[in-house]
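The values are calculated or read from the model by the stated rules, or taken from the named source; none is laboratory data. Note that the structure is a prediction, hence the values are computed from the model and not measured. We place every Cβ from the backbone using ideal geometry, glycine too, and count neighbours over all the protein chains shown. For the accessible areas, the whole protein counts, side chains as well, though only heavy atoms, and no ligand, DNA or RNA atoms are used. Shrake-Rupley method; radii C 1.70, N 1.55, O 1.52, S 1.80 Å.
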Amino acid sequence: MSRFLQDFIWGTATSSYQIEGAAYEDGKKASIWDTFCQVPGRIVNNDHGEVACDHYHLYKEDIALLKELNMQSYRFSVCWPRIFPDGAGKPNEKGLDFYKRVVDELHKQQIHPLLTLYHWDLPQALQEKGGWANRDTVERFGEFSSYMYEQFGDVINDWVTINEPWVISYLGHYTGEHAPGITDISAFLKSAHNVLLAHGEGVQRFRQSKAKHGKIGIVLNVAQVYPASDSAEDRQAAHVWDGLLNAWFIDPVFKGRYPQYMQDLYGKLTDLSFIQPGDLEFISQKTDFLGINYYSVARVKQGDSAFGTELVKVAEPVTHMDWEIAPQGLVDILKRLSADTEGKLPIIVTENGAVYDDVVTPEGEVHDDERLDYVKKHIEACQQAIAEGVDLRGYYIWSMLDNFEWAFGYDKRFGMVHVDFETLKRTPKKTAYWYRDFIKNSTTGSVVDTASR
């Protein structure tokens, strides 16, 4: 088994809407998630993120906890309507100052910031002009990203343009499970394309900015796709689902093209004339790393959907999201992505974690042994991928805190730190303490053996 290199980065991640709260404080206006949460029935228990973990007011406590837990790096995102309440125009100085305080505190605690520019909280003002289905949003994102590079280019080295384009486009514009809750295949494909164009815009402006000596990448949610059986029909369905979930986003960014078989399929369902000459070259500008969010695998059979696919429910073991626990799938997808990028691009696991129903004991402890086992097995998978030639540079647990889990509200807990959503008390779980010690041993040169811990 390969050892992790000394410069391998260990961290944890959050996103702005899920933890910050302060939904309308200090000049911030609504995001699409603020609006979406107001629609009855959209979110479990009609929860919302108006308070969430109140990180906006408790950020010093949270960053001190990151330090206590030996986090080398913290991946967080910026709330676009906190900086530009109307999506464009005059920036909001109070919103900017919040992130300056966060970054200053991270540096004070010697924690490396990895900043994600867009993690789903589009300004509602831009949604009212068409949102991601409107190509004009690409330019607005460019302006937003330029401003962030100008303000933070000398204190932040590592940047992510977009988090999970598939979720933004497919869940937000086709199934409607996520904000803005649209169910239209044309809106799905237009928004997917425009989000990828926004990534290109963010990269181009980065290269032109004072941040250009840092590094920039994109984060894709990926899953290794397996057919439910060896039948030709199921193999074809798996091929299509891989195209829909993975290749439709991997290929334009790293190969400068959309997969032809998916263009043929989508072209039968809607008009693709929004893909303009030069777009793919713009999308595929060179990046410095690829971030991947991995949780599980996909098993697919032939189905009656518009795409001819159906996801198959699997047997145990699963997490409390009913997601199959499949660390080998992480090895397989890392090897696939390494091949797709010809082994020339460093990869970072920017999210990996699991949902379980955690309980604080009378002694004030959280014994999340199932999550700990999940994390250990996936760190072992990272070791295996490195041993098999993948240039893997970092691993981030999702999430630092129990938080607002989108359509699931506060019903699902991903955090390595428990949050009591009534008192906002933070309680590190067993996983957090194990990870703390693991990182210490990794960075001091001690032999790291996940199996024995």
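Rounded to the nearest Hz, the phi-derived 3J(HN,Hα) couplings of region 7-13 under the Karplus curve 6.51 cos²θ - 1.76 cosθ + 1.60 (θ = phi - 60°) are 8, 5, 9, 10, x, 8, 9, where x marks glycine and proline.
The distance separating the Cα centre of region 124-175 from that of region 231-280 comes to 22 Å.
Charge tally around A64: other residues with Cβ under 14 Å, Lys/Arg +1 each, Asp/Glu -1 each, net +1.
Determine the shape class of region 258-317: with a ≥ b ≥ c the square roots of the Cα gyration tensor eigenvalues, call it rounded for a/c under 1.5, and otherwise prolate if a/b is greater than b/c, oblate otherwise. Note, shape of region 258-317 comes out oblate.
Taking amide H atoms as placed 1.01 Å from N in the peptide plane, the amide H of V300 lies under 5 Å from those of Y226, A228, V312, each 5 or more residues away in sequence or on another chain. Ignoring lysines fewer than eight residues from K29 along the same chain, the ones with Cα atoms less than 28 angstrom from its Cα are K60, K90, K94, K100, K129, K190, K412, K425. Along the axis of the charge dipole computed for the chain (Cβ charges of +1 for Lys and Arg, -1 for Asp and Glu, origin at the Cα centre), the listed residues G353, L197, T423 are led at the positive end by L197.
Estimated translational diffusion coefficient (Stokes-Einstein, Kirkwood radius over Cα pairs, 10 °C, 1.306 mPa s) of region 106-208: 112 µm² per second.
Accessible area ranking (1.4 Å probe, heavy atoms, ligands and nucleic acids excluded), largest first, for D230, D251: D230, D251.
Taking every protein chain into account, the accessible area of region 9-442 amounts to 37 square angstrom per residue (probe 1.4 Å). Candidate cross-link partners of K376 among the lysines, defined by an alpha-carbon separation under 19 Å and a same-chain spacing of 8 or more, comprise K429, K430, K440.
Applied to region 190-200, the Karplus parametrisation 6.51 cos²θ - 1.76 cosθ + 1.60 on θ = phi - 60° returns per-residue 3J(HN,Hα) values of 5, 5, 4, 5, 5, 5, 5, 4, 4, 4, x Hz, with x for Gly and Pro. Heavy-atom accessible surface of F289, to the nearest 10 Å², is about 10 Å², with a 1.4 Å probe and all protein chains retained.
Helix-only arithmetic for the chain: the sum of -39500 (n - 2.57) across DSSP H runs with n ≥ 4, divided by the residue total, places the mean residue ellipticity at 222 nm at -11500 deg cm²/dmol. Maximal additional length on extending the H320-K335 stretch stands at 2.7 nm, based on 0.36 nm per residue less the C-alpha distance. Put simply, the amide H of D158, placed in the peptide plane, has neighbours under 5 Å in L115, K215, leaving out anything fewer than 5 places away on its chain. Under 14 Å of direct C-alpha separation, and excluding same-chain neighbours fewer than eight residues apart, K28 reaches these aspartates and glutamates: E20, E50, D86, E93, D97, D121. Of the solvent-accessible surface of region 9-442, computed with a 1.4 Å probe over protein heavy atoms with every protein chain present, carbon and sulfur atoms account for 47 percent. Among T14, T35, the sequence by solvent-accessible area, most first, with a 1.4 Å probe is T35, T14. Past the 31 angstrom mark, what percentage of all C-alpha to C-alpha distances in region 9-442 do you count? Roughly 36 percent, rounded to a whole number. Exceedance of the 25 Å cut-off in Cα-Cα distance is limited, within the set K301/K377; K301/K344; K108/K212, to K301/K377; K301/K344. Between T183 and K377, the contour length at 0.36 nm per residue exceeds the Cα-Cα span by 66.2 nm. Using the Karplus relation 6.51 cos²θ - 1.76 cosθ + 1.60 with θ = phi - 60°, the per-residue 3J(HN,Hα) values for region 326-331 come to 9, x, 5, x, 5, 4 Hz, with x marking Gly and Pro.
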